[in-house]
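The values are calculated or read from the model by the stated rules, or taken from the named source; none is laboratory data. What you see is a predicted model, and the numbers here were worked out from it, not measured in a lab. Every residue, glycine as well, gets a Cβ built from its backbone with ideal geometry; the counts of neighbours run over all protein chains shown.
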Amino acid sequence: MPIKPVQIDLFNSFEVYSPPKERLSPLHYRETLLDLLTEDMDFHGENSGYVTHNFHAFPAKFPPQLPKKFINGLTLPGEKVLDPMSGSGTAVLEAFLLGRYGLGIDIDPIALNLTKVKVTALDPERLIRTAESVIDHADHDFKKNNDRLNTELEIRFDPSTKKFIDYWFLRETQLELLSLIKPIEKLTDRDLHRFFQIALSSVIITKSGGVSLAYDLAHTRPHKIKNKIPRPAFEEFQRRVNRNIQNISKLNQGSGKASVLCGNVQAIGLDDESIDLIITSPPYASNAIDYMRAHKFSLVWFGYPVDLLSKKRSKYIGGESTRDFNMYHLPDYPEAVISNLNRKDPKKGQVLRRYYTEMSQAFKEMHRVLKSGKAAIIIVGSSIMRGMDTKTAQCLGEIGKKVGFDLVGISERNLDRNKRMMPARTSGPFETQIEERMHKEFIIGFYKPA
């Protein structure tokens, strides 16, 4: 499949909204925040795949229209918008497209590289030339050096990682992926390297197709289909590269800036009172959506041993390990929720306490870096643990108040499940708890008093 010429679709470009004409007074700012929280937040039927938003499957990412609404209503061009748990980079990209300075922080390797790719403008002609070179070298290696590739497969991975790869990927697919990875690894330009690495990752982590024997990777619920016929890696990679080159050419419509940092939301490496708006979506409690469970399918090919990824996963917010974890005493409402859960399952009660403890520290850091008189928008879903609703939005609302935020309001939105990449059906009967809990999410509006 040849690399296609780039054709910019002007009719599929993003919509630019008019920002505030001048800085809002504290009273008007708070009123504007409240008004925004009362508006429709469902965005069903709207295009969410414009520019680079559709570069890679990512579970539970919010539609770009959601951060766009708050960025336009609460900031001016050039102001700093932070997503300290940036995930797929939706808010960072929207800030960039709208002429703001988008900052993203995350610890997940796929999230970091994906966000960097989505906000990095690259010359389409250079991408085309590089893609042709990568594919030509891969095709030649696969056809002419098969014995050498087989030998490299045996020595490239440690035993645990090799066992994982052999279980989830057919041998021919392994050879295809290795032949593609080798020329990508030789790219000395980091931006080019990330672009093609993300393109390759996106043909591994998919909803139902992909090049592995797994089904439902994009939903972070992989299970092996023994009779599955994986898609050809070369064809899928070329198709994805063609599409991504076309879409990345539209980044020149944005007039902002962006930075992506590896870091922890519980220790944000930014100055006090340096951010004009925070928009973020924390993970679910108890690993309800287990990002690393899916992301390791790609990361093992990029040099990450599977055992190292398991250790990294334990550091993600919402994990289930509570050993040697310094727990916080929480406000009355989350304490009551945890107490009720403790009566059913003390271990799960500790898992939930860990989650709210981590979010308490995260909120402290958000409050520290946010300017006075500005807002933090938190998009969360609730969880069902042992048949009990964890009341996440209400608990986080109380935790936010404890660290110094004013709680302006909590609004509710119905998920567009066809776009939100959530692992559930839209109607019952529901077979799993994860299907019960992921049809709605909540938008918490915090205000830092001046």
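Key figures
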{"item": "Residue tally, condition under 16 Å from Pro283 (Cα atoms) and among the small types (Gly, Ala, Ser), over the range 377-406", "result": "5"}
{"item": "Condition met for Tyr167 (within 27 Å of the chain's Cα centre (by Cα), hydroxyl-bearing (Ser, Thr, Tyr) and assigned by TED's automatic domain parsing to the domain that holds Leu277)", "result": "no"}
{"item": "Helices (runs of 4 or more DSSP H) wholly inside the range 320-424 containing at least 1 residues that are touching a helix residue (DSSP H, G or I) at 6+ places or on another chain (Cβ under 9 Å) and either modelled with pLDDT under 95 or under 27 Å from Ile268 (Cβ atoms) (or both)", "result": "332-344, 346-369, 392-403"}
{"item": "Qualifying positions in the range 67-98 - without any contact (Cβ under 8 Å) to a residue 60 or more places away in the chain and crowded, with 24+ Cβ neighbours inside 10 Å", "result": "Ser88, Thr90, Glu94"}
{"item": "Only listed residue being more than 29 Å from Trp168 (Cβ to Cβ) and in contact with a Ser or Thr (Cβ under 7 Å, 6 or more places away or on another chain), chosen from Ile275, Ile248, Ile204", "result": "Ile248"}
{"item": "Tally of residues being outside any helix (DSSP H, G or I) and farther than 14 Å from Val351 by Cβ across the range 306-319", "result": "1"}
{"item": "Matching residues, the range 268-305, being closer than 30 Å to Glu154 by Cα, assigned to a loop (DSSP other than H, G, I, E, B) and of a type outside the set (Ser, Thr, Tyr)", "result": "Asp290, Gly303, Pro305"}
{"item": "Cβ pairs under 7 Å, 6+ apart, first in the range 323-349 and farther than 15 Å from Ser286 by Cβ, second outside any helix (DSSP H, G or I)", "result": "Asn340/Met388"}
{"item": "Residue that is surrounded by the fewest Cβ atoms within 10 Å (Cβ to Cβ) [pool: residues in the range 210-232 that are closer than 26 Å to Thr130 by Cα and without any contact (Cβ under 8 Å) to a residue 60 or more places away in the chain]", "result": "Pro232"}
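Quick grid of which residues meet (1) among the small types (Gly, Ala, Ser); (2) more than 23 Å from Phe234 (Cβ to Cβ):
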| position | (1), (2) |
| --- | --- |
| Gly102 | yes, yes |
| Ile105 | no, yes |
| Lys116 | no, yes |
| Leu153 | no, no |
| Asp166 | no, no |
